[in-house]
Amino acid sequence: MSVVNPFLTCSQIKNKPFLLPHPLKNKFPISQFPQFTPTSTTKLPYPSSSISAILTHEDDKTTLKSFNFKGYMLEKANSVNKALEQAVSLQEPLKIHESMRYSLLAGGKRVRPMLCIAACELVGGLESTAMPSACAVEMIHTMSLMHDDLPFMDNDDLRRGKPTNHKIFGEDVTVLAGDALLAFSFEHMAVATKGVSSDRIVRAIGELAKCIGCEGLVAGQVVDICSEGDSNVGLDHLEFIHVHKTAALLEGSVVLGAILGGGSDEEVEKLRKFARCIGLLFQVVDDILDVTKSSQELGKTAGKDLLADKTTYPKLIGIEKSREFAEKLNREAQEQLDGFDPHKAAPLIALANYIAYRDN
């Protein structure tokens, strides 16, 4: 009897066939799963004894010392916020645009747009080239949050420290505003992207559509909904959900940037593996935060996965093993950046560490 390894490598994650005829076939007890335990000879990309809210590390010691990550985050977030403000202006019909802007411009870390821009610049492209796509992925991410928070989905009242969209505009307007953001994201990519061949733009649009459709985010969301309260959910099932639901849009963000920046097929695929790892890493950390942080610290309702009886990594393998899995995913992700210019790779390395060590 074969056992699914909860600590898969990036290559294994990428090459696994994510078909879902019977997602509940994995019913092995946790005791049968091999555990990853760092030894004295295990090479980690950061110290293992420092204090952190989630994992263990010392700030900024895993990136190039000359790279100012905080400054980079502020600069890119400001650029993205300005571009989003200009892209979705307040116009008639006012109600729908107010709803769109309420959630789109509510703040947030802008991790997905930054990944898109950083990947584009890594392969030789410009920020201006990636910005329409960076805005597009943030529009789609915002749409997914708006719909996720609805009463018939996750039923949440708080998002980014503010009342959720449907609490202000009503459920009907929220659904339509999310739909509008989704449609406009593709229009914006197609119309506003400059200095890139039509072939690459079409390829990028196809990638984005795939990562959010029934082979991506939607697939993960549907399986997640169907899995609530099911005690038979195992690690392979949970991985399917998160590689699709959470990792797909992060993967799309990176791949779009690489394609539009002029990356070779080899470079695009290396960055795809990088993104797949940090996408799963994002969700593992999210699961940890949900049970270790307060609503005030998170800016959203804490403990909602527990209340909804959802299967999470801490629930299946415990918090410590979840932290170890996050460490492994971060290390695997950064290995994909070997061979790139280290100075140009610094933002992606720092973003991977930021995802691993964030506290909200």
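Any read-out appearing in this document is the output of simple, stated calculations on the displayed coordinates, not a laboratory observation. Given the structure is predicted, the values throughout are model-derived calculations rather than measurements. Reconstructed Cβ throughout: ideal geometry from the backbone, glycine too, with neighbour counts over all protein chains shown.
The figures follow:
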item	result
Shape call, the range 63-357: gyration tensor on alpha carbons, a/c limit 1.5	oblate
Placed amide H near R159: partners under 5 Å, 5+ positions off or other chain	T164
Formal net charge of residues neighbouring I317 (Cβ-Cβ distance under 11 Å; K, R +1; D, E -1)	0
Note, ³J(HN,Hα) from phi for the range 258-266, Karplus 6.51, -1.76, 1.60, rounded to Hz, x at Gly and Pro	5, 5, 6, x, x, x, 6, 4, 5
Estimated vicinal HN-Hα couplings, Hz - the range 115-127 in sequence order (Karplus 6.51, -1.76, 1.60; Gly, Pro = x)	4, 4, 5, 4, 5, 4, 5, 4, 8, x, x, 10, 4
Phi to ³J(HN,Hα) by Karplus 6.51 cos²θ - 1.76 cosθ + 1.60 over the range 279-290, Hz, x for Gly, Pro	x, 5, 4, 4, 6, 4, 5, 4, 4, 5, 4, 4
Over 18 Å between alpha carbons, listed pairs K210/K273; K70/K109; K109/K273; K95/K167; K167/K310	K109/K273; K167/K310
